[in-house]
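Novice: Structure in structure tokens, see below.
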């Protein structure tokens, strides 16, 4: 029979992954807050140059133009959304670490929401990064589904054991 540690090992790995995503998005939100009242277009141009991207190409050009049109109110709104999203990742990570059923459902649903988008992006063109994202997300969703099914089966078994079966005809 598997120990509790062995059963929750996968949940703890996913919890750490979700916490890392939370930290990344938290830093992103804080970085957005720090950019308020600054020349964001100039910063975007410096970033494009630092990454050795051609500013005349499609994506860097769109990035620079979008940065130039970004107002402080929009910037603070995106930063606030990033902070909310990171809080959600931390709450999910906490729940997964302690094997809470609600967090397993949250992980299943939040991972499942991204799958169609990721698959659509993958269908537009294969890159290793897209394949990695889809693979990780698919593994998390499948693992969460298996964990939830296993817990439901265990719950049903316990329930049937606690209720003695009635004889036919009674």
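Nothing in this text is a laboratory measurement; each read-out follows from the coordinates by a stated rule. Computed from a prediction, not measured in an experiment: that's the story for all the values here. Glycine also receives a Cβ, built like all others from the backbone with ideal geometry; neighbour counts cover every protein chain displayed.
Novice: Run the helix sum for the chain: -39,500 (n - 2.57) per DSSP H stretch of 4+ residues, divided by residue count, reported at 222 nm to the nearest 500 deg cm²/dmol.
Specialist: About -28500 deg cm²/dmol.
Novice: Quick one: helix 128-162 against the long Cα principal axis of the chain, what's the angle to the nearest 10°, folded into 0 to 90?
Specialist: 20
Novice: Report the calculated FRET efficiency for residue 127 and residue 88 (r = Cβ-Cβ distance, R0 = 25 Å), to the nearest 0.05. Please list the in-between numbers first.
Specialist: Details: r = 27 Å, r/R0 = 1.08.
That pair, residue 127 with residue 88, gives E of 0.40.
Novice: Would you kindly calculate the mean projected area, averaged across all directions, of the convex hull enclosing the Cα atoms of the range 10-50, in square nanometres? Write out the running numbers ahead of the final one.
Specialist: Details: hull surface 14.7 nm².
Mean projected area for the range 10-50: 3.7 nm², to one decimal.
Novice: Okay, moving on. Taking every Cα atom in the chain, find the radius of gyration and the maximum pairwise distance Dmax, and write them in Å.
Specialist: 22.6, 83
Novice: Mind listing the Cα extents of the range 90-170 along all three principal axes, in Å, largest one first?
Specialist: 63, 31, 15
Novice: Sticking with this one: Along the Cα→Cβ direction, 7 angstrom out, place labels at residue 156 and residue 72. What is the inter-label distance in nm?
Specialist: 5.9
Novice: Roughly how many nanometres apart are two label points built 7 Å out from the Cα toward the Cβ at residue 119 and residue 46?
Specialist: Those two pseudo-labels are separated by 4.3 nm.
Novice: Calculate, for residue 37 and residue 65, the FRET efficiency according to 1/(1 + (r/R0)^6) with r their C-beta to C-beta distance and R0 25 Å; round to the nearest 0.05.
Specialist: Details: r = 20 Å, r/R0 = 0.81.
Using R0 = 25 Å, I get an efficiency of 0.80.
Novice: Sticking with this structure for a sec: Most mobile of 154, 144, 36 per a Gaussian network model of the chain (Cα springs, under 10 Å)?
Specialist: In this elastic network of the chain, the residue with the biggest mean-square fluctuation among 154, 144, 36 is 154.
Novice: How far is helix 40-50 tilted, in degrees, relative to the longest principal axis of the Cα atoms in the chain, given as a value from 0 to 90 rounded to the nearest 10?
Specialist: 90
Novice: State the dimensionless ratio Rg/Rh of the range 26-82 (Rg: radius of gyration of Cα atoms; Rh: Kirkwood radius). Don't skip to the answer; put the middle values down first.
Specialist: Working: Rg = 11.6 Å, Rh = 11.7 Å.
Ratio value, two decimals: 0.99.
Novice: Give me log10 I(q)/I(0) at q = 0.16, 0.27, 0.28 Å⁻¹ for the range 71-113, Debye formula, one equal scatterer per alpha-carbon, no solvent.
Specialist: Cα-only, vacuum Debye calculation for the range 71-113: -0.50, -0.86, -0.89.
Novice: Can you give the FRET efficiency to the nearest 0.05 for residue 27 and residue 146, using r as the Cβ-Cβ distance and R₀ = 30 Å?
Specialist: Values: r = 32 Å, r/R0 = 1.07.
Efficiency computed from Cβ-Cβ geometry: 0.40.
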